[in-house]
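Below: the structure, in structure tokens.
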Amino acid sequence: MSETADLAELLLEGARYGDLEDCQQALDQGAKVDSRDSQGRTALHMASGNGHLEITQVLLKGGAEATAANDDGNTPLHYACLNGHLEVAQELLQHGASPSQLNRHLRTPVDEALGKQHQDALFRLLAATQKENQCASSEVVLDPDADLTIPSKYGDSGPDQYGA
């Protein structure tokens, strides 16, 4: 393995397992902040999906792309919403992540939160963020009084986890 690949792996694994020192070491030694694994996931996907807020912040400050999509079209916000990491979702939204971005299964980050224990809190966060940003007409409109118990058009509330 090359030094570049070793640094990328150190960054990705550090982000996945919450090891800030490894992430910082990899970045300091020249790892690209948006390095990807074999499934197209970045360190930001890993940190977001596992609720590592401090690492998420470091990556975003280092220039990580909040809207980066993996091979399935999932963004870090998809992962954060799926797993109920509200503070991470808020950080991503503040850095330009979109709650209406579709993955290749035609699911948004909002869809990923539906049916989960954390859906109400996440829904309030997304609605508040949307109000602050006065989103464009092409963005999904979130109604604070919507019934969130309705399953998706596929009859489910999404996969249990992405494996981030």
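No other residue among 59, 92, 44 is crowded, with 18+ Cβ neighbours inside 10 Å, in contact with a strand residue (DSSP E or B) (Cβ under 9 Å, 6 or more places away or on another chain) and at pLDDT 95 or above apart from 59. Of the residues making up the range 37-49, those that are touching a helix residue (DSSP H, G or I) at 6+ places or on another chain (Cβ under 6 Å) and either touching a residue at least 60 places away in the same chain (Cβ under 8 Å) or assigned to a loop (DSSP other than H, G, I, E, B) (or both) are 37, 45, 46, 48, 49.
The values are calculated or read from the model by the stated rules, or taken from the named source; none is laboratory data. All of these numbers come straight from a predicted model, not from anything done at the bench. Every residue, glycine as well, gets a Cβ built from its backbone with ideal geometry; the counts of neighbours run over all protein chains shown.
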